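Trainee: Here's a structure for you.
Derivation of every value follows stated rules applied to the coordinates shown; laboratory data play no part. All of these numbers come straight from a predicted model, not from anything done at the bench. No Cβ is skipped: glycine too gets one built from the backbone with ideal geometry, and neighbour counts run over all protein chains shown.
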Amino acid sequence: MLTGAGVSAGSGLRTYRGPDGVWEEHKVEEYGNIQTLIEHPERTWQLFGGMRAPVQAAVPNAAHYALARLENSLRPEQRFLLVTQNVDRLHQRAGSRNVVELHGNVSFTRCTNEACDLEPFVDDKDHAHAVPKCPKCSSALRPHIVLFGEAIPPMSSWPVKKALRDCDLFIAIGTSGVVSPASNYVRSAKYAGARTVYVNLEPLSPKNPAFNEEYLGKAEEILPNLLFCGNPSS
């Protein structure tokens with residue numbers, strides 16, 4: 001399973017690219033870029049620090065619970081991996097256990113100094129007025145997010161690659177799937193012989209031949225029926 005911002009839209013969180021998306025208000029590709037963190041870390045905090053209060057106030061919706069229910073209903077020999085591009089931890093709060101957070105978690109903070117041994121920690125402050133400093137080395141602190149220009153950490157990418165090798169069902173939910181590496185996942189799943197399903201508000205344009213099926217609508221409405229009734233329109 002691959003999820004994007006459309007899954008959390010039903011919890012009141014804004015998507016990035018859609019109507020009223022974050023991209024309409026902020027220059028996400030600029031403020032969310034590693035170079036901006038290096039040169040103007042206060043802009044990075046303006047973007048991601050401002051997401052913390054809405055994320056903390058949000059609650060999981062029916063799509064999150066449907067995925068958790070699916071994982072918990074599997075037989076012992078079956079395997080499940082939920083790969084999310086979201087940074088809100090709503091999947092875990094709904095009860096999902098085997099989750100890979102490709103882009104990190106907005107509610108955590110870590111040090112910008114790669115040599116520092118400070119562990120990422122839960123942080124509810126938005127740091128809107130001043131860039132916080134590391135208590136160990138005095139370097140600037142940063143949101144625990146993978147920024148544009150940074151690679152997905154191996155500890156996140158490796159389990160995904162491993163799962164795709166013998167995947168038999170791949171569902172992309174609430175994501176355009178156009179951003180690498182997520183855009184490559186469906187092709188890998190198709191190559192492995194998986195049933196591939198696309199669930200989103202808007203159709204893929206252009207069409208992606210790697211997807212066998214497409215269901216359009218709100219994730220919180222489609223997913224429970226798709227997973228447990230076999231009929232998204234029921």
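Trainee: For segment 2-228, how many pairs of lysine residues have a Cα-Cα distance under 20 Å, where the two are 8 or more positions apart or belong to different chains?
Mentor: 6
Trainee: So how far apart, in nm, are the two label points at Glu221 and Ser73 if each is 7 Å from Cα heading toward Cβ?
Mentor: 2.1 nm
Trainee: Taking amide H atoms as placed 1.01 Å from N in the peptide plane, list the residues 5 or more away in sequence, or in a different chain, whose amide H sits under 5 Å from that of His144.
Mentor: Amide H neighbours of His144, under 5 Å, 5+ apart: Asn105, Phe108, Thr109, Arg110.
Trainee: State, as an integer percentage, the relative contact order of the chain based on alpha-carbon contacts under 8 Å between residues 6 or more apart.
Mentor: Normalised by residue count, the contact order of the chain is 22 percent.
Trainee: Now for a different question. Cβ under 14 Å from Thr36's Cβ, Thr36 left aside: what net charge do those residues give with Lys, Arg +1 and Asp, Glu -1?
Mentor: Net charge in that neighbourhood comes out at -2.
Trainee: Can you compute the label reach from Ala53? Point 7 Å from Cα along the Cβ direction, backbone N cut-off under 15 Å, restricted to segment 121-157.
Mentor: Residues 124-130 qualify, since their backbone N sits under 15 Å from the label point.
Trainee: Please give me the summed charge of the neighbours of Asp168: other residues whose Cβ is under 13 Å from its Cβ, Lys and Arg +1, Asp and Glu -1.
Mentor: Residues near Asp168 contribute +2 overall.
Trainee: As a check on your grasp of the helix formula, calculate [θ] at 222 nm for the chain: sum -39500 (n - 2.57) over DSSP H runs of n ≥ 4, divide by the residue count, round to the nearest 500.
Mentor: Per the formula, -9000 deg cm²/dmol.
Trainee: Ok, one more. Given 0.36 nm per residue, what is the gain on full extension from Ile34 to Leu118 after removing their alpha carbon distance, in nm?
Mentor: Value of the extension gain: 28.3 nm.
Trainee: Still on this structure, please answer the following. For q = 0.15, 0.17 Å⁻¹, what log10 I(q)/I(0) does the chain give under the Debye formula with an equal point scatterer on each alpha carbon and no solvent?
Mentor: Values returned for q = 0.15, 0.17 Å⁻¹ are -1.04, -1.30.
Trainee: So what are the ³J(HN,Hα) numbers for segment 88-99, from phi and the Karplus equation (6.51, -1.76, 1.60; θ = phi - 60°), rounded to whole Hz, Gly and Pro as x?
Mentor: 9, 6, 5, 4, 5, 5, 7, x, 5, 10, 8, 10
Trainee: Let me ask something else. Note down the magnitude of the dipole of the chain about its Cα centre, charges +1 on Lys and Arg C-beta and -1 on Asp and Glu C-beta and zero elsewhere, to the nearest 20 debye.
Mentor: For this selection, approximately 520 debye.
Trainee: Taking the chain as a Gaussian network, Cα atoms linked when under 10 Å apart, which of Ala57, Ala68, Ala115 shows the biggest mean-square fluctuation?
Mentor: Ala115
Trainee: If exposed means no more than 10 neighbouring beta carbons inside 10 Å and the site is in a DSSP loop, what's the longest run of the chain without any exposed GluC sites (Glu not before Pro)?
Mentor: No qualifying site falls inside 115-234, the longest such stretch.
Trainee: A further question follows. If you average the C-alpha positions of segment 90-124 and of segment 159-219 separately, how far apart do those two centres end up, in angstrom?
Mentor: With segment 90-124 and segment 159-219 each reduced to a Cα centre, they are spaced 25 Å.
Trainee: Using unit Cβ charges (K, R positive; D, E negative) and no other charged atoms, how large, in debye to the nearest 20, is the dipole of segment 119-184 about its Cα centre?
Mentor: About 220 debye.
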